[in-house]
Amino acid sequence: MPVFIEHIPAEPEPGKLYISMQFETAVHLCACGCGAKVVTPFGPNDWTLTFDGTVSLRPSVGNGQQRCRSHYYVRSDRIDWLPRISAAATRVASSRDRAAHIEAIPQPLAGQASWWRRIWNRMRRSFGTSRSKRDE
């Protein structure tokens, strides 16, 4: 059962999906009943929440780091079970998730100085030009 709330409670109740739109995340206890807290942040590289009177989360929830290894979808306020997630599938998903969250440091285009170098050069030219005009 979805519960829209600002702050996620420290002790979630079983069977409830706590949704904080302000903090762009949902939290629930693992659907298998093991008691593990499952956090699903929203974002382009994370989960997507759909609310059409019922709540769905995409992609699936794979608890490969937990002993239960449960794997399921939250669809239309229901749990749709998938086969337990394997260690190999967990490693692949973890690697994919890490790669999606690493922001590449933008490199300047070939032959183009970084923004701070361009500002520094402009300041040097400005001060150099005004100094040489004064000296004349």
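The values are calculated or read from the model by the stated rules, or taken from the named source; none is laboratory data. The structure displayed is predicted, hence computed values, not measured ones. Please note: Cβ atoms are built from the backbone with ideal geometry, for glycine as well, and neighbour counts cover all protein chains shown.
Quick check on K37: is it over 14 Å from P2 (Cα atoms) and among the basic types (K, R)? So K37 passes the test.
Here is a yes/no grid of residues against (1) in contact with a helix residue (DSSP H, G or I) (Cβ under 8 Å, 6 or more places away or on another chain); (2) assigned to a helix (DSSP H, G or I); (3) modelled with pLDDT of 75 or more:
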| position | (1), (2), (3) |
| --- | --- |
| D80 | no, no, yes |
| S95 | no, yes, yes |
| G111 | no, no, no |
| W116 | no, yes, no |
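For Q65, the conditions (1) touching a helix residue (DSSP H, G or I) at 6+ places or on another chain (Cβ under 8 Å); (2) modelled with pLDDT of 90 or more are fulfilled apart from (2).
Do you know which residues across segment 55-74 are over 17 Å from the mean Cα position of the chain (by Cα), free of Cβ contacts under 8 Å to residues at least 40 places away in the same chain and not in a strand (DSSP E or B)? Within segment 55-74, G64, Q65, Q66, R67, C68, R69 qualify.
Can you name every residue in segment 44-54 that is more than 13 Å from D97 (Cα to Cα) and assigned to a strand (DSSP E or B)? Result: T48, L49, T50, F51.
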